[in-house]
Amino acid sequence: MKPLLPVNEALERLLGAAQPLTVTERVSLTNADGRVLAADLAARITQPPFDSSAMDGYALRAADAPTVGSELTVIGTASAGHAFDGSVGPGQAVRIFTGAPVPKGADTVLIQEDAELLDANHIRTTFDVTQGRHIRPRGQDFLESEAVLDAGNCLSFADLTIAAAMNHAEVTVYRKPLVAVLATGDELVPPGGDPQVAQIIASNTFGVSTLARQAGARILDLGIVKDDDALIRAAIGKAIAAKADILVTLGGASVGDHDLVQAALKAEGMTLDFWRIAMRPGKPLMVGTIGAMQVLGLPGNPVASLVCSLLFLEPLIHKLGHQQHQSREITVKTATALKANDMRQDYLRARFTGTDNGLPIAEVFTKQDSSMMKIMAKSNCLIVRPPHAPELPAGAECTAIRLRG
């Protein structure tokens, strides 16, 4: 039997065989949050489209207020959405509000705090007047045809704000990867069901699907399929017909008498790249392809399934979806001594108990069985123990995978 594949090599092979999707679609700004821009986005208008006032006050000619105490006649009003229809001449001023177009002839704005109102139509300056002050020039933000957002941007709230300001109601983005999720096993019953003797509630689909969705994927839930070759092959066929980008199978990927998934996948055309990884939990991870569809066979144990999803499925979705994958690795200090490790890379569930010189202190849970979901839910991180790592004393620094917080 071939030796177990190291985690880093497995990830490199998985991502090395994956190519970012090229299919694009148009979506409204309302639905564009977190989507990846497929083409540079240029402004359709100039912003601001005119010289505008940055403050409430008076628009005037600086030459008419050479000294503090200069008096001017107010000849009209300009407000946002309502321009003054005329020009400012010698000795004149226009009452102006933030965002309003600066009237013709005016070259500065005197803020209202620096003006003394003498009567309804006359003001006196109480502060120095400087040409150009408090005026936002036309095009200060961006110009028509200027490419403001670059292709590859994962659109944030700030990006969507400026896209709207550039007069775009829709943007061209890359299609989200479609992840088909297939759970298999005679023992599985949907949540809310009535498990019989030797049956359990199926839970993996929900955690894996949520993680995939948060990574930027769409989900095709293929449901729970019994341990029957024909039924498993039919479900795989649905993923192929839907042109899923990734097929995730949950359980049944080993080669025991009741593990039918790998054989069914091969019968449906899968080219197996590798399986059996030198990691704990998650040893029976399987990777292959059916045409352009990536196949990721996850272990049936819930915790192993989630750990493998974090390490392999999340970065795969990011690559297919043109997203920059942000590593979850952090440095922590272990609250207790950790024993020496064997040949498999360990991912130990742990929780934060405090900080030491800016680093989180992580306490490993005593029990690490891969079927124990409660401990996973209480964990903040997974402490990584490389193959053959020596014993680590309490307070030592080590690498961890951030889960939350």
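Please treat every number below as a calculation from the coordinates, not as lab data. Everything numeric here is computed off the predicted structure, so don't read it as measured data. Cβ: placed from backbone, ideal geometry, glycine included. Neighbour counts: every protein chain shown.
Computed over the chain with a Gaussian network model linking Cα atoms closer than 10 Å, the most mobile of 81, 193, 297 is 81. The angle between the Cα long axis of helix 204-214 and the longest principal axis of the Cα atoms of the chain comes to about 30 degrees, rounded to the nearest 10. Using only the alpha-carbon atoms, how far is helix 229-241 inclined from the longest principal axis of the chain? Give it as 0 to 90 degrees, nearest 10. Approximately 20 degrees, to the nearest ten. Counting Lys and Arg as +1 and Asp and Glu as -1 over every other residue whose Cβ lies under 13 Å from the Cβ of residue 206, the net charge comes to 0.
Positive contributions from Lys and Arg (+1) and negative ones from Asp and Glu (-1), summed over other residues with Cβ under 10 Å from the Cβ of residue 21, come out at +2.
When the chain is treated as a Gaussian network with alpha carbon springs shorter than 10 Å, the biggest mean-square fluctuation among 106, 164, 264 belongs to 106.
A simple charge model with +1 on the Cβ of Lys and Arg, -1 on the Cβ of Asp and Glu and nothing else charged puts the dipole of segment 176-280 at about 560 debye relative to its Cα centre.
Here the simple spin-label model places points 7 Å from the Cα toward Cβ, and for residue 221 and residue 238 these points are separated by 1.1 nm.
Under a model in which nothing but the beta-carbon of Lys, Arg (+1) and Asp, Glu (-1) is charged, segment 329-402 shows a dipole of about 300 debye around its Cα centre. Going Cα to Cα from residue 104, which aspartates and glutamates come in below 20 Å? Please leave out same-chain ones fewer than 8 positions away. Within reach: 51, 56, 64, 71, 85. With springs connecting C-alpha atoms under 10 Å apart, model the chain as a Gaussian network and identify which of 346, 33, 194 has the largest mean-square fluctuation. Of the options given, 194 has the highest mean-square fluctuation. Helix 7-16 and the long axis of the chain differ in direction by around 60°, with both axes built from C-alpha atoms. Note on residue 238: aspartates and glutamates with a C-alpha under 16 Å away, same-chain residues under 8 apart excluded, are 221, 228, 229, 268. Taking every DSSP beta bridge that has both ends in the chain, the antiparallel portion is near 65%.
Farthest towards the positive end of the charge dipole of the chain, among the residues 249, 83, 330, is the Cα of 249, using unit charges on the Cβ of Lys, Arg, Asp and Glu.
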